[in-house]
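Computed from the coordinates by the stated procedures, all read-outs in this text should not be read as laboratory data. Treat the numbers as computed from the prediction; the structure is a model and nothing was measured. Here the Cβ is made from the backbone with ideal geometry for all residues, glycine too, and neighbour counts use every protein chain on show.
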Amino acid sequence: MKRTALILFSAALLMMAGCSQKPQNVNRENASKDFLQLASERYSVRSFDSTAVEQKLIDKIIEAGHLAPTAVNSQPQKIYVVKSAEGMEKLRRVSPCMYGAPHCFIACYDDRNVCKRGEYGNYGDIDVSIVLTHMTLEAANLGIGTCLVGYFDPVELHKEFSLPANIHPVLLLPFGYPSEDSVPSEKHTTFRDLEEVIEYR
């Protein structure tokens, strides 16, 4: 009995000691710079290598999207992962913007799960865009190139992939390893002055 009490007392002391430890100092400035560097180096890849992306890397990209915030956490996104040659050929029939990518995400929302905006529609497009932003950044972090594509025929996409009526395509995200001659667009480092786009009130 005394031995049990001593063990419990010792465990309690260890827990208290652990709780009282100060958190390790985090270099917030460096962490911020790391993210800004990733964001600045990511670019829209328009020339892909044909090499397939490993499934474990695809899984990490998907997980990044799964962690993304959505309106009231409704999570209306429906992401189709196109890996087959047949599927990519279907995509080339509905959009000229596959750029030789070996794979593509078809990013949609399900209108049965989407959060409504009253008379202003719903948050589907916004939620899907947030999800894909997470995915593109994680892809860049893994050395995988992406290109957000909004230029496609949604009616033909529905037909080609037999999508149900409640599924609404928003964006395509071709992805893969950038080819050796892949370079950012000339406009990649062109930005409007902050004074034009930011205003404090």
Relative contact order of region 39-190 (C-alpha contacts under 8 Å, at least 6 apart) in percent is 38 percent
The distance between the Cα centres of region 109-151 and region 38-52, in whole Å, is 18 Å
E54 neighbourhood, Cβ < 13 Å, K/R = +1, D/E = -1, net charge +2
Cα-only Rg/Rh for region 46-177 with Kirkwood Rh rounds to 0.96
With +1 on the Cβ of every Lys and Arg and -1 on the Cβ of every Asp and Glu, the dipole magnitude of region 46-177 about its Cα centre, in debye rounded to the nearest 20, is 40 debye
Once the in-chain neighbours fewer than 8 apart are removed, the aspartates and glutamates whose Cα is under 12 Å from K83 read E54
Ranked output for segments 109-117, 67-75, 178-186, 122-130 by mean other Cβ atoms within 10 Å, highest leading, reads 122-130, 109-117, 67-75, 178-186
Violations at 31 Å Cα threshold for listed pairs K159/K187; K60/K90; K56/K78; K116/K159 -> K159/K187
